[in-house]
Amino acid sequence: TNVVIGIIDSGTDPNHPDLAGNLKYNYADPVNGIDDDGDGYTDNFAGWDISMNDNDATVDLTDHGSHVTGCASATTDNGVGVAGSGFKCKFLPVKAEKATSINVIENGYEAIVYAADHGCNVINCSWGGPGGSQYGQDVINYAVYNKNVTMIVSAGNNSNEIEQYPAAYDNVFAIGATNNSDTKASFSTYGWFVDMCAPGVNILSTLYDDTYASFGW
């Protein structure tokens, strides 16, 4: 429980019966309209929405983030739903997708900084795209070197060898997807920058409004 996983994505379902028990709450800043802990974010009790600059990290149009959250840290041994691979690890949701967007992470790197500054030991980024930048690498380096974060990122879903970012940056673990035959998933990006692989097809996990579904990302 002393390990916190930052989920940089489209948000989560903070009231899901399989997630609420593992959410990392910021008891130093309860919801009262005051920035009690003086970190510059008012009422960030249960995560933060970087894109909309508010304290509501709930999913809007894309349920990707709620699914990823369950994969990482759905509550175990509670007789409900699924079990996250993080077992008792806590998660901190940092929403980086605008309310009107579908499968577009607009503020991923700003969200990484927020998660690193707010105590995350591991940061998960199940997103990416072509074209890196020095800014992106600098953000990764800040999280890893300054805040001792382990960065876990998606290799991509393009079924080719084209470098994706943040996967192709230095100081990250880029993860490809495998299927139930333990071979490369048809959609998974591959190449020199992929560090390891994990199951990524028909994974049952949590969705918004207390539901579940099997997806492959």
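The values are calculated or read from the model by the stated rules, or taken from the named source; none is laboratory data. Being a predicted model, the structure only gives us computed values, none of them experimental. Cβ atoms come from the backbone with ideal geometry, glycine included; neighbour counts cover every protein chain shown. Surface areas here come from the heavy atoms of the whole protein model, side chains and all, with no ligands, DNA or RNA. Shrake-Rupley method; radii C 1.70, N 1.55, O 1.52, S 1.80 Å.
Evaluated against (1) touching a residue at least 24 places away in the same chain (Cβ under 8 Å); (2) open to solvent by 10 Å² or more (accessible area, probe 1.4 Å), G47 falls short on exactly one condition, (2). No other residue among G79, G70, G136, G132 is assigned to a loop (DSSP other than H, G, I, E, B) and open to solvent by less than 60 Å² (accessible area, probe 1.4 Å) apart from G132.
Show the residue pairs meeting these rules: Cβ distance below 9 Å; 6+ apart or different chains; first residue within region 156-167 and touching a residue at least 24 places away in the same chain (Cβ under 8 Å); second residue part of a loop (DSSP other than H, G, I, E, B) and of a type in the set (D, E, K, R). Once the first residue is touching a residue at least 24 places away in the same chain (Cβ under 8 Å) and sits in region 156-167, its partners that are part of a loop (DSSP other than H, G, I, E, B) and of a type in the set (D, E, K, R) give G156/E163; A167/D195. Scanning region 107-121 for residues being of a type in the set (A, V, I, L, M, F, W, C) and either open to solvent by 40 Å² or more (accessible area, probe 1.4 Å) or at pLDDT below 95 (or both) gives a total of 1. Has region 86-106 got any residue that is in a helix (DSSP H, G or I) and farther than 17 Å from S66 by Cα? So far as region 86-106 goes, no, none of its residues is in a helix (DSSP H, G or I) and farther than 17 Å from S66 by Cα. Taking each residue of region 113-124 that is aromatic (F, W, Y) and looking for partners that are outside any helix (DSSP H, G or I) and open to solvent by less than 40 Å² (accessible area, probe 1.4 Å) with beta-carbon atoms closer than 8 Å, six or more apart or interchain, yields Y114/W48; Y114/I50; Y114/V94. Tell me yes or no: at least one residue of region 182-191 is farther than 19 Å from T12 by Cα, surrounded by 22 or more Cβ atoms within 10 Å (Cβ to Cβ) and under 14 Å from the mean Cα position of the chain (by Cα). No. For region 178-217, a tally of residues being of a type in the set (F, W, Y), closer than 14 Å to S126 by Cβ and free of Cβ contacts under 8 Å to residues at least 40 places away in the same chain returns 1. Scanning for something crowded, with 24+ Cβ neighbours inside 10 Å and out of contact with any helix residue (DSSP H, G or I) (no Cβ under 7 Å at 6 or more places or on another chain), does region 146-153 turn up at least one residue? There is at least one residue in region 146-153 that is crowded, with 24+ Cβ neighbours inside 10 Å and out of contact with any helix residue (DSSP H, G or I) (no Cβ under 7 Å at 6 or more places or on another chain).
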